[in-house]
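Quick notes on the structure that follows.
The values are calculated or read from the model by the stated rules, or taken from the named source; none is laboratory data. Treat the numbers as computed from the prediction; the structure is a model and nothing was measured. All Cβ positions, glycine included, derive from the backbone under ideal geometry; neighbour counts span all protein chains shown.
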Amino acid sequence: MAAVADIWHPAWHLGHAGHVPDGLTAARTLEAFHERTPARVADTTVAEVDGRVAGFIMVVGDEVEQVFVDPALHGAGVAAPLLAEAERQVAAAGYAEAWLAVVTGNARARRFYEKHGWRDGGDLPYEVTAGGERYVSPCRRYVKRVR
Ligand SMILES: CC(C)(COP(=O)(O)OP(=O)(O)OC[C@H]1O[C@@H](n2cnc3c(N)ncnc32)[C@H](O)[C@@H]1OP(=O)(O)O)[C@@H](O)C(=O)NCCC(=O)NCCS
């Protein structure tokens, strides 16, 4: 899971810094991602390019919780099959609709989801705990029928 953390950290900052509370951004250190990832093995699926981890998803029930691609490979077609696999996993778990939270200011991710058939289902203040503090990030709830 070290390779996952090494992607999660720079990709998270690219999509979130400036769009979430500054304290949350400060708490999202590389070390923090390395601490988080081992507990997430069961939820995680990775994509590989030339034998190296290029991106990953984490799916929990009907929530596509994480979709992250190595910034060097943005726009390279890695993300779409990962998102399709996440949708497949939600459907296989018996749900008719998948959902995810995307930070309101994360325009690239929003465009990516919309071009793959996801729709904006409205405001969703998303609560996270990091470094012992609670933060609320301004998010949109995106949904897609998966079966
Ligand atoms: C979100 C992510 C997985 C998408 O993968 P990707 O390879 O970048 O996706 P694509 O290039 O296929 O699609 C992105 C789209 O946004 C467009 N885009 C790029 N920058 C943009 C911007 N600032 N505003 C609006 N659209 C933008 C691209 O042109 C592309 O649209 P197009 O295909 O119509 O030209 C990837 O960018 C990523 O890992 N981002 C950082 C982490 C993140 O934010 N994850 C999502 C958390 S909810």
* Going through region 88-107 one residue at a time, which ones are surrounded by 13 or more Cβ atoms within 10 Å (Cβ to Cβ) and within 14 Å of the ligand (Cβ to nearest atom)? -> Ala98, Trp99, Leu100, Ala101, Val102, Val103, Thr104, Gly105, Asn106
* Out of (1) of a type outside the set (Gly, Ala, Ser); (2) out of contact with any Gly (no Cβ under 9 Å at 6 or more places or on another chain); (3) within 10 Å of the ligand (Cβ to nearest atom), the odd one out for Glu85 is which? -> (3)
* Of all residues in region 90-147, how many are farther than 15 Å from Glu65 by Cα, in a strand (DSSP E or B), touching a residue at least 24 places away in the same chain (Cβ under 8 Å) and not hydroxyl-bearing (Ser, Thr, Tyr)? -> 6
* To do: For Gly61, indicate whether it is crowded, with 16+ Cβ neighbours inside 10 Å and at pLDDT 95 or above.
  => no
